[in-house]
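This report concerns only the one structure given below.
The values are calculated or read from the model by the stated rules, or taken from the named source; none is laboratory data. Nothing here was measured: the structure is a model prediction, and the numbers come from that model. Cβ placement follows ideal geometry from the backbone for every residue including glycine, while neighbour counts extend to all protein chains displayed. For the accessible areas, the whole protein counts, side chains as well, though only heavy atoms, and no ligand, DNA or RNA atoms are used. Shrake-Rupley method; radii C 1.70, N 1.55, O 1.52, S 1.80 Å.
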Amino acid sequence: MLTLNLLPSTNVTLCKSRPNYPVSPSPFQPNLGSRNQKLRTLSFTKPLIQNGHPFMCSANQDSQISGPRLDFSRILKHPSGVSSRNTTQILEAASGTPEEVSPDGEIEVSKPKVNMKLVLIFGLWYFQNIVFNIFNKKVLNIFPYPWLLASFQLFCGAVWMLILWSSKLQPCPKINKSFIIALLGPALFHTIGHISACVSFSKVAVSFTHVIKSAEPVFTVVFSSFLGDTYPLTVWLSILPIVFGCSLAAVTEVSFNFGGLSGAMISNVGFVLRNIFSKRSLQNFKEVDGLNLYGWITIISFIYLFPVAVFVEGSQWVAGYHKALGTIGNPNTFYLWVLISGIFYHLYNQSSYQALDDISPLTFSVGNTMKRVVVIVATVLVFRNPVRPLNALGSAIAIFGTFLYSQATVKKPKKEAVEKKD
């Protein structure tokens, strides 16, 4: 029964209501009954009854009616009481977290679908990465000109994105001058990271390059600390096995080459700075999704790289081309290898950006760590690179340190969020 708190001078008009039905807590507002009980305790009035039936009372403007109201707009919008989930909740479900019911009664996405989606995402990502690394190394073994090959790979990505945009398979983002200016820095560091990695691949085994590239978290922590970010002790401790493992792998590597080592290290610096400056310069362009963002970075990177490639090694391309054809015998095979390396370079990066849009950062970090393991094992088996026991141990320690780093960095924002809530 609803209660009224009437002023003494209020004129009250009484009208007969329907037969009394007990008020029970609503499924949409479970605390309704308890709140009514509190209101009756705070402001108690005797029930007005005539012929055994309660009256519904209406007051003029001088009266004050207190009591909770049902949110009928919410009931009409969701007749069953179940609302659709927002994007954040979907991403949390895609990260592999257990099913939960929110305070509003919202239902989580079923876990089998999530697992199948993760399998598909990581399966494509790993497969494309393995194919790229194998054919990229095959081309560099007979045509050791990484600047031209890296430029061609960026060119393939630019053409791929233009086809997607023109055919409307991918919505073309609305860009302006400020967006292009904001991309100049990240695209420059992406160019540095890509060409440096390609130079490293041309000089040492693919497995060794990936072991050194697993030290990327070390550069992330160091550069971010210089720019004012702080990290807990667990993060700093997690990078110690990375440093030790990479050092052990480097000194025991059979194909060790200082140019290959320095190329992988510079690649780490380039990609870390790309990530840092992307977060700082692209904060006002969050409407651009990951795939479109990477597409524009690829286009600008190609514009950066190709003129420098012509200057660095352009005079050697013709002679190197004829030598490569003499080595492989069939020109079509050479063209196919180059084309596959270019297409799959873009595809695996496209898959990684799409994966980052669909899964949590922790799942992405763990998946990226396992990706290096899969690529290292695959390339060792394909190219039959000799691996010493200490080299394998150092690689394992470095990759395990990368896993610890991903765990430590994810726990940091969660802890801060809990403290802020408390």
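So, in region 270-280, how many residues would count as being open to solvent by 40 Å² or more (accessible area, probe 1.4 Å) and in contact (Cβ under 8 Å) with a residue 12 or more places away in the chain?
Residues in region 270-280 being open to solvent by 40 Å² or more (accessible area, probe 1.4 Å) and in contact (Cβ under 8 Å) with a residue 12 or more places away in the chain: 2 in total.
Go through region 153-260 and tell me which helices (runs of 4 or more DSSP H), entirely inside it, have 3 or more residues that are surrounded by fewer than 20 Cβ atoms within 10 Å (Cβ to Cβ).
177-203, 216-226, 233-251
For residues that are hydroxyl-bearing (Ser, Thr, Tyr) and at pLDDT 95 or above, scanning just region 128-166, find the one that is nearest to residue 328 (Cα to Cα). Talk me through it step by step, then tell me what you get.
In the first step, residues of region 128-166 are kept if they are hydroxyl-bearing (Ser, Thr, Tyr); the result is 145, 151, 166.
Next, from what is left, pick out any that are at pLDDT 95 or above: 145, 151.
Values: 145: 16, 151: 22 Å.
Result: 145.
What tally of residues in region 406-422 results from selecting those that are at pLDDT 75 or above and either more than 22 Å from residue 377 (Cα to Cα) or open to solvent by 50 Å² or more (accessible area, probe 1.4 Å) (or both)? Walk me through it before giving the result.
Narrowing region 406-422 to residues at pLDDT 75 or above: 406-409.
Adding the requirement that they be either more than 22 Å from residue 377 (Cα to Cα) or open to solvent by 50 Å² or more (accessible area, probe 1.4 Å) (or both) leaves 407-409.
Matching residues across region 406-422 total 3.
Residue check: is residue 288 among the hydrophobic types (A, V, I, L, M, F, W, C) and free of Cβ contacts under 8 Å to residues at least 24 places away in the same chain?
no
Please work out if residue 117 is surrounded by fewer than 22 Cβ atoms within 10 Å (Cβ to Cβ), of a type in the set (D, E, K, R) and in contact with an Asp or Glu (Cβ under 8 Å, 6 or more places away or on another chain).
In short, yes.
Would you say residue 356 is open to solvent by 50 Å² or more (accessible area, probe 1.4 Å) and at pLDDT 95 or above?
Answer is no for this residue.
Could you list, in sequence order, the residues of region 300-322 that are open to solvent by 30 Å² or more (accessible area, probe 1.4 Å) and in contact (Cβ under 8 Å) with a residue 40 or more places away in the chain? Walk me through it before giving the result.
Quick first cut of region 300-322, residues open to solvent by 30 Å² or more (accessible area, probe 1.4 Å) only: 302-304, 306-308, 310-312, 315-319, 321-322.
If the condition is that a residue be open to solvent by 30 Å² or more (accessible area, probe 1.4 Å) and in contact (Cβ under 8 Å) with a residue 40 or more places away in the chain, then 302, 304, 306, 308, 312, 316, 317, 321 are the ones that fit.
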